[in-house]
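The values are calculated or read from the model by the stated rules, or taken from the named source; none is laboratory data. Quantities reported herein were computed from a predicted structural model and do not represent experimental measurements. So basically every Cβ, Gly included, is an ideal-geometry build from the backbone, and we count neighbours across all protein chains shown.
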């Protein structure tokens with residue numbers, strides 16, 4: 001029940017801090033490790049560093065794959081997580097999740113990964129779990145042999161794990177477990193409710209939402225869950241009357 005995260009650069013936002021808080025409170029983690037190649041800055045970073053009992057592990061990352069320089073920290077994180085899972089085991093997660101309940105039922109599998117889109121035969125590597133030395137993780141890491149920028153990086157994040165799941169020991173769980181909000185979903189961000197009863201965590205697709213923040217999330221059906229995690233009251237909706245038109249924030 002060790003949960004790993006990585007920070008290799010970019011802005012650290014308040015929803016990243018929320019991710020760590022929710023993991024500590026909800027996941028059942030016995031240990032949380034944030035692998036850092038550098039220090040962040042700002043109020044949200046300081047709030048994250050103030051969360052007790054989190055290991056902030058300084059790491060040196062080789063920013064290359066098969067001799068090809070890597071500039072995208074998302075790509076590097078995908079590759080790095082496989083190295084960590086193979087060596088240490090545990091769960092490795094992106095920092096744009098909100099955790100909802102304990103992962104204990106998932107700890108007994110040799111490897112765990114969630115569906116992103118069944119129709120398109122895609123799994124998502126944003127949150128994976130595995131035992132140390134997992135054959136699935138080893139094969140996934142080996143699949144990068146020959147990787148170059150001539151190939152679409154999302155192929156390795158989504159398509160490759162689906163193919164490998166047909167050959168190696170891994171438990172594939174439904175989309176509702178980690179990805180109940182599809183990356184193309186628009187109504188969720190407008191406040192529409194979603195079913196979370198089968199969800200261990202919810203991925204927020206940070207890469208597709210550059211304006212993402214806790215305030216934005218408080219306009220969604222996650223507001224009540226966020227209030228429980230942060231200990232802050234749910235902010236009431238504000239009704240504005242302007243030129244005879246009602247609008248709701």
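Please verify whether residue 247 is modelled with pLDDT under 90, assigned to a loop (DSSP other than H, G, I, E, B) and either within 22 Å of the chain's Cα centre (by Cα) or farther than 22 Å from residue 181 by Cα (or both), treating the condition exactly as stated. For residue 247, the condition - modelled with pLDDT under 90, assigned to a loop (DSSP other than H, G, I, E, B) and either within 22 Å of the chain's Cα centre (by Cα) or farther than 22 Å from residue 181 by Cα (or both) - is not met. When the stretch 125-161 is filtered for residues that are assigned to a helix (DSSP H, G or I), modelled with pLDDT of 95 or more and out of contact with any helix residue (DSSP H, G or I) (no Cβ under 7 Å at 6 or more places or on another chain), only 135 remains. Within the option set 24, 31, being more than 13 Å from the chain's Cα centre (by Cα) and within 27 Å of residue 210 (Cα to Cα) holds for one residue only, 24.
Candidates are the residues of the stretch 216-234 that are more than 19 Å from the chain's Cα centre (by Cα) and on the phi < 0 side of the Ramachandran plot; the one that is surrounded by the fewest Cβ atoms within 10 Å (Cβ to Cβ) is 233.
If the condition is being assigned to a helix (DSSP H, G or I), out of contact with any strand residue (DSSP E or B) (no Cβ under 8 Å at 6 or more places or on another chain) and without any contact (Cβ under 8 Å) to a residue 40 or more places away in the chain, then the stretch 12-46 contributes 17, 43, 44, 45, 46.
Set side by side, the residues 237, 193 differ, and just one is at pLDDT below 90 and over 28 Å from residue 76 (Cβ atoms), which is 237.
Going through (1) touching a strand residue (DSSP E or B) at 6+ places or on another chain (Cβ under 7 Å); (2) part of a helix (DSSP H, G or I); (3) more than 25 Å from residue 111 (Cβ to Cβ) one by one, residue 56 falls short only on (2).
Residue by residue, here is whether (1) surrounded by fewer than 13 Cβ atoms within 10 Å (Cβ to Cβ); (2) out of contact with any strand residue (DSSP E or B) (no Cβ under 6 Å at 6 or more places or on another chain); (3) more than 28 Å from residue 68 (Cα to Cα) holds:
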residue: 143; (1), (2), (3): no, yes, no
residue: 157; (1), (2), (3): no, no, no
residue: 162; (1), (2), (3): no, no, no
residue: 170; (1), (2), (3): no, no, yes
residue: 194; (1), (2), (3): no, yes, yes
residue: 197; (1), (2), (3): yes, yes, yes
residue: 203; (1), (2), (3): no, no, yes
residue: 210; (1), (2), (3): yes, yes, no
residue: 214; (1), (2), (3): no, yes, yes
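The residues of the stretch 166-183 that are farther than 11 Å from residue 114 by Cβ and either assigned to a helix (DSSP H, G or I) or modelled with pLDDT under 85 (or both) amount to a single one, 183. Candidates are the residues of the stretch 184-201 that are outside any loop (DSSP other than H, G, I, E, B) and touching a helix residue (DSSP H, G or I) at 6+ places or on another chain (Cβ under 9 Å); the one that is farthest from residue 214 (Cα to Cα) is 201.
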